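Asker: Okay, here's the structure, questions in a sec.
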Amino acid sequence: MIRSSTRRTFLKHGALAGAGLLMAGNSSADAGRRFPSERRELRDEKTGARLWQMTAAEAMQHHFYFTNPSWPDDQRELYFVSYRTGFPNLFTAAEATGEITQLTARADINPFSPTVTRDGRRLYFSARDCVVEVDRETLRERVVAKFDGAKLGNCSLNAAGTRLAIGVRLPKCCRLALVELASGQTRFLVEKAEVGHIQFCPADDNILEYSGTPGARIWTIRADGTGDRNLYPQQPGEWIVHESWLGDGSEIIFTHWPRALRAISRDGSRVRTIAAFNTWHQSSDRSGRWIVGDTNHPDIGLQLVNARTGERRTLCHPRATNRGTQWKFTEPAKGAGIDTSIIRGDLPELDRPPRPGDPASVYGPQWSHPHPAFSPDGRRVAFTSDRNGWSQVYVVECEQ
């Protein structure tokens with residue numbers, strides 16, 4: 001068992017080089033370093049599901065945020081973030097052998113920002129006020145966009161891998177930025193009090209969805225900046241959160257916390273309740289037939305849900321700590337805004353007891369949440385669990 005009491009003193013990096021294509025704050029010395037497989041097979045004690053613990057180092061680890069892929073289309077490797085070097089960096093675990101490869105060696109990556117192209121050739125992440133591209137083969141980095149003085153959210157790619165959308169947090173507002181990756185040309189589509197959870201529609205690169213304030217959560221906008229629309233006008237007291245596209249994007253699925261898993265059509269004309277239970281974070285497979293969601297208060301395990309009928313079963317029990325004081329309630333904390341822990345990139349080892357007015361304390365450290373997400377073929381689900389003290393990456397077989 002990995003015990004939280006064994007947390008070591010993290011490495012302190014010295015002067016970090018940066019020039020040309022490499023940003024200040026980057027040290028390429030360890031990029032490409034290999035680690036022996038840490039994979040081990042397990043069985044869920046209650047469901048009997050077959051699963052693998054993919055990481056075991058005494059450090060925080062988590063797969064990519066559930067709205068972004070953690071595998072390329074060919075599933076040759078699983079991408080994750082690990083703090084084993086002292087700072088969050090990008091790693092892969094090979095499908096065939098479990099061998100782990102370090103892809104970056106930096107001190108400034110926003111740990112829940114990374115994403116990857118469908119062919120696995122390029123990865124993107126935000127670091128301080130920059131968006132950075134990594135070539136998977138050479139591990140060379142280049143800055144594709146810079147937003148002076150801003151804090152950046154997670155990166156979302158269109159299906160073709162030619163455009164990237166990102167939330168840009170400035171002192172007095174937030175913006176949704178669209179970056180043309182070939183040229184680096186950047187434009188802002190919208191400016192508001194809150195912009196987060198940005199995702200391209202899987203089947204239409206010209207449509208994006210994003211989250212606004214807790215009282216007006218789900219928005220869609222066209223890539224040319226037109227058609228900005230609050231897709232789901234909320235009723236007083238409704239807590240709507242954790243939206244993502246269903247399958248090809250005909251609907252957006254979302255949590256009506258803590259009551260139900262719901263969906264709304266892309267044009268906003270139809271809202272339906274898929275299943276009435278305490279789903280928390282959920283995502284669908286590419287076919288749109290199946291949804292997987294974690295649960296909280298109470299934690300009843302990962303739920304595999306038929307998107308059409310709402311029938312569901314327990315896939316496995318992550319046994320994560322699911323931290324965050326707010327989730328015990330049925331309405332969001334007043335004035336807390338969105339969870340900024342996915343934007344600012346704080347080290348989880350610096351986590352402190354809840355502080356008044358701190359959204360990260362209210363909503364909980366993200367590495368303590370399972371965030372389940374399907375593999376491209378829909379046969380496996382990646383999730384994170386800190387059941388043994390350190391958060392680790394797991395994969396569970398998904399027999400539908």
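Asker: Would you please name the residue that is surrounded by the fewest Cβ atoms within 10 Å (Cβ to Cβ), looking only at residues in the range 161-175 that are touching a residue at least 40 places away in the same chain (Cβ under 8 Å) and of a type in the set (D, E, K, R)?
Answerer: Restricting to residues being touching a residue at least 40 places away in the same chain (Cβ under 8 Å) and of a type in the set (D, E, K, R), the top hit is ARG163.
Asker: Could you give every pair whose Cβ atoms fall below 7 Å, whose first residue belongs to the range 269-285 and is within 11 Å of ILE252 (Cα to Cα), and whose second residue is of a type in the set (D, E, K, R) and at pLDDT 95 or above, counting only separations of at least 6 or pairs across chains?
Answerer: Within 7 Å, the pairs are VAL271/ARG262; ARG272/ARG262.
Asker: So, of the residues in the range 263-295 that are in a strand (DSSP E or B) and charged (D, E, K, R), which turns out to be farthest from VAL305 (Cα to Cα)?
Answerer: ARG272
Asker: Given the condition more than 15 Å from the chain's Cα centre (by Cα), closer than 20 Å to TYR83 by Cβ and not acidic (Asp, Glu), answer yes or no: does some residue in the range 110-127 qualify?
Answerer: The answer is yes; a qualifying residue exists.
Asker: Looking for something of a type in the set (Ser, Thr, Tyr), at pLDDT below 95 and assigned to a loop (DSSP other than H, G, I, E, B) - is there at least one such residue anywhere in the range 50-69?
Answerer: No, the conditions are met nowhere in the range 50-69.
Asker: Using the structure shown, decide if GLU191 is more than 28 Å from PRO376 (Cβ to Cβ) and not in a loop (DSSP other than H, G, I, E, B).
Answerer: yes
Asker: Follow-up question, since we're still on this one. Picking from THR213, THR220, which residue would you name as being of a type in the set (Ser, Thr, Tyr), more than 18 Å from the chain's Cα centre (by Cα) and at pLDDT 95 or above? Working first, answer last.
Answerer: Numbers: THR213 fails: at pLDDT 95 or above.
Unique residue meeting the criteria: THR220.
Asker: What are the residues in the range 124-147 that are farther than 19 Å from LEU189 by Cβ and of a type outside the set (Val, Ile, Thr), if any?
Answerer: Residues satisfying the conditions are PHE125, ALA127, ARG128, CYS130, GLU133, ASP135, ARG136, GLU137, LEU139, ARG140, GLU141, ARG142.
Asker: Pick from ARG319, ARG352: which is in a loop (DSSP other than H, G, I, E, B) and either modelled with pLDDT under 85 or over 30 Å from LEU42 (Cβ atoms) (or both)? First the steps, then the outcome.
Answerer: On the way: ARG319 fails: either modelled with pLDDT under 85 or over 30 Å from LEU42 (Cβ atoms) (or both).
Within the list ARG319, ARG352, the selection yields ARG352.
Asker: Does TYR363 count as at pLDDT 95 or above, surrounded by 20 or more Cβ atoms within 10 Å (Cβ to Cβ) and closer than 28 Å to SER126 by Cα? First the steps, then the outcome.
Answerer: Values: at pLDDT 95 or above: no; surrounded by 20 or more Cβ atoms within 10 Å (Cβ to Cβ): yes; closer than 28 Å to SER126 by Cα: yes.
Judged against the criteria, TYR363 is not a match.
Asker: Being at pLDDT 95 or above and under 18 Å from HIS371 (Cα atoms) is true for just one of ASP267, ASP285. Which residue is that?
Answerer: ASP285
Asker: Determine the pairs where a residue that is more than 17 Å from SER269 (Cβ to Cβ), located within the range 237-255, has a partner that is of a type in the set (Asp, Glu) and in a loop (DSSP other than H, G, I, E, B) with Cβ atoms under 7 Å apart, the partner being 6 or more residues away or on another chain.
Answerer: Every condition considered, the pairs that remain are GLY237/GLU331; TRP239/GLU331.
Asker: For the range 176-188: of the residues being among the hydrophobic types (A, V, I, L, M, F, W, C) and assigned to a loop (DSSP other than H, G, I, E, B), which is surrounded by the fewest Cβ atoms within 10 Å (Cβ to Cβ)?
Answerer: ALA182
Asker: Quick check on the range 88-103: of everything there that is more than 18 Å from the chain's Cα centre (by Cα) and not aliphatic (A, V, I, L, M), which residue is farthest from PHE35 (Cα to Cα)?
Answerer: Selected residue: GLU95.
The values are calculated or read from the model by the stated rules, or taken from the named source; none is laboratory data. Keep in mind that what you see is a predicted model, and the values were worked out from it rather than measured. Because the Cβ atoms are built from the backbone with ideal geometry, glycine has one as well, and the counts that use them run over all protein chains shown.
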